[in-house]
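The values are calculated or read from the model by the stated rules, or taken from the named source; none is laboratory data. These numbers were taken from a predicted model, which means no experiment stands behind them. FYI the Cβ positions are ideal-geometry reconstructions off the backbone, even for glycines, and counts take in every protein chain you see.
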Amino acid sequence: MQAARERSGSHESARDGAASRVQGGGEGRKYLLVAITVAIVVIADQLTKHWVAATFALRESVPVFASWFHLTYVRNTGAAFSVLAGKSAAFRVPFFTIASLVAAAAIIGFVRRTPASQRLVLLACGAVLGGALGNLTDRLMHGEVIDFVDLHWRGFHWPAFNVADSCITVGVLTLLAHSLLAAEPDAGKREPS
């Protein structure tokens, strides 16, 4: 009887060990998903920027859809919408490098707390991180960021952007939508007084 209980106990220990390995595998897959997303974004971003820089003259613009979409090769020394563009490179490059690294650390911390089952959130984090690293690569290599997607409509002209910017925007919007839609159903209910 004692031997049967010991065998049963050892089977339970084996099941518990297998369950923790499966959960750990989920954690590993979570980081793999984010890493692959980051790699795809950085590679796509750098390849498109390299193609634009090798194909176009600076400030050259080629209509794709003449009334609203051009490929226009520009270099942005600032952040989004040319914020801090007037500052010297000695200030901009270290500032944006530190800001990018702080943002990357925050995203990695968020990924650590995100369950492996929330794949869309993890993809969004990978997109934001990949975009940040793509633009950081430009800043470190060139002191500025290559932009080329040029959208306009009836006198309204959006500032030029790139693949990294697009991934950051889509990733942040996805995270915001998820946080708004994933609120706990009981969050609006009050405890009786």
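Of note:
Okay, residues lined up against (1) at pLDDT below 90; (2) surrounded by 19 or more Cβ atoms within 10 Å (Cβ to Cβ):
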| position | (1), (2) |
| --- | --- |
| GLY86 | yes, no |
| ILE107 | no, yes |
| VAL128 | no, yes |
| ASN135 | no, yes |
| LEU140 | no, no |
| VAL145 | no, yes |
| GLY155 | yes, no |
| SER179 | no, no |
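- Number of positions in segment 110-156 that are under 15 Å from GLY78 (Cα atoms), part of a loop (DSSP other than H, G, I, E, B) and not acidic (Asp, Glu): 1
- Selected residue [crowded, with 18+ Cβ neighbours inside 10 Å, among the basic types (Lys, Arg) and either over 30 Å from PHE69 (Cβ atoms) or modelled with pLDDT under 95 (or both)] from ARG119, ARG92: ARG92
- Segment 131-147, residues that are among the small types (Gly, Ala, Ser) and within 18 Å of SER88 (Cα to Cα): GLY143
- Candidates ILE98, ILE107: the one that is closer than 18 Å to CYS167 by Cα and in a helix (DSSP H, G or I) is ILE107.
- Scanning segment 24-58 for residues being part of a helix (DSSP H, G or I), aliphatic (A, V, I, L, M) and in contact with a strand residue (DSSP E or B) (Cβ under 8 Å, 6 or more places away or on another chain) gives a total of 2.
- Criterion (closer than 18 Å to GLY171 by Cβ and at pLDDT below 95) met by exactly one of ALA99, ALA66: ALA99
- Residues located in segment 45-83, provided they are surrounded by 12 or more Cβ atoms within 10 Å (Cβ to Cβ), touching a residue at least 40 places away in the same chain (Cβ under 8 Å), out of contact with any helix residue (DSSP H, G or I) (no Cβ under 8 Å at 6 or more places or on another chain) and under 19 Å from TRP153 (Cβ atoms): SER61, TRP68, PHE69, HIS70, THR72, VAL74
- Within segment 143-155, residues that are within 9 Å of PHE69 (Cβ to Cβ) have Cβ atoms under 7 Å from residues that are assigned to a strand (DSSP E or B) and not aromatic (Phe, Trp, Tyr) in these pairs: ASP150/SER61; ASP150/HIS70; ASP150/LEU71; ASP150/THR72, counting only partners at least 6 apart in sequence or on another chain.
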